[in-house]
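The values are calculated or read from the model by the stated rules, or taken from the named source; none is laboratory data. Small disclaimer: the values here were computed from a predicted structure and weren't measured. Cβ: placed from backbone, ideal geometry, glycine included. Neighbour counts: every protein chain shown.
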Amino acid sequence: MQVSSTYRYAKISPFKAREVTRAIQGLPVSAALDLVAFSPKKAAALVSKTLKSAVANAENNANLRVDGLVVKEAIVGEGPTMRRMMTRARGSGSTIRRRSSHIRIVLTDEIEIKKRERTSGKKKKGAAKKKATSAKSAEVAKSPKESAKEDATEKES
């Protein structure tokens, strides 16, 4: 079952808010709340408010358990833009656009919870092969003088 919550007319640019919502899509609710809580952005507070509202809707209106909820969608749409004038040099003016956005979060219990793998600290599988091949290529790439010296020492013995 799907449950949604919408924060309309949020006083933030949609471009800035989308950065936070992209990070929480597909995460379990507990992980999404942790990620948003420790993010230093202004949009994180607004997304957190919307996410908590969606969780409350799921608990109270749909009788769903919070443990099984996953963020299915986190969408930020454009709201109305207020236009203001700012005086400039020589009697001219320029517009200031104060953008707003609509933040919509959809939670579901139908998607299976998947944990993301950690990428830090792991070495790539091909790293050992590269070292071995570079050692072989170093042996092959000897200069003609070095190979002549080795031949001379072999003849003497």
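Considering Ala31, Ala44, which residue is among the aliphatic types (A, V, I, L, M), assigned to a helix (DSSP H, G or I) and without any contact (Cβ under 8 Å) to a residue 12 or more places away in the chain? Full working, then the answer.
Numbers: Ala44 fails: without any contact (Cβ under 8 Å) to a residue 12 or more places away in the chain.
After ruling out the rest, the residue left standing is Ala31.
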Check your understanding: What are the residues in segment 71-102 that are more than 25 Å from Ala23 (Cα to Cα) and β-branched (Val, Ile, Thr), if any?
Key -> Thr81, Thr87, Thr95, Ile96
Point to revise | Residue in segment 5-32 that is farthest from the chain's Cα centre (by Cα), counting only those that are hydrophobic (A, V, I, L, M, F, W, C) and crowded, with 19+ Cβ neighbours inside 10 Å | key: Ala10
Revision key, fill the gap. The residue from Ala32, Ala17 that alone is assigned by TED's automatic domain parsing to the domain that holds Arg98, in contact with a helix residue (DSSP H, G or I) (Cβ under 6 Å, 6 or more places away or on another chain) and over 29 Å from Ile96 (Cβ atoms) is Ala32
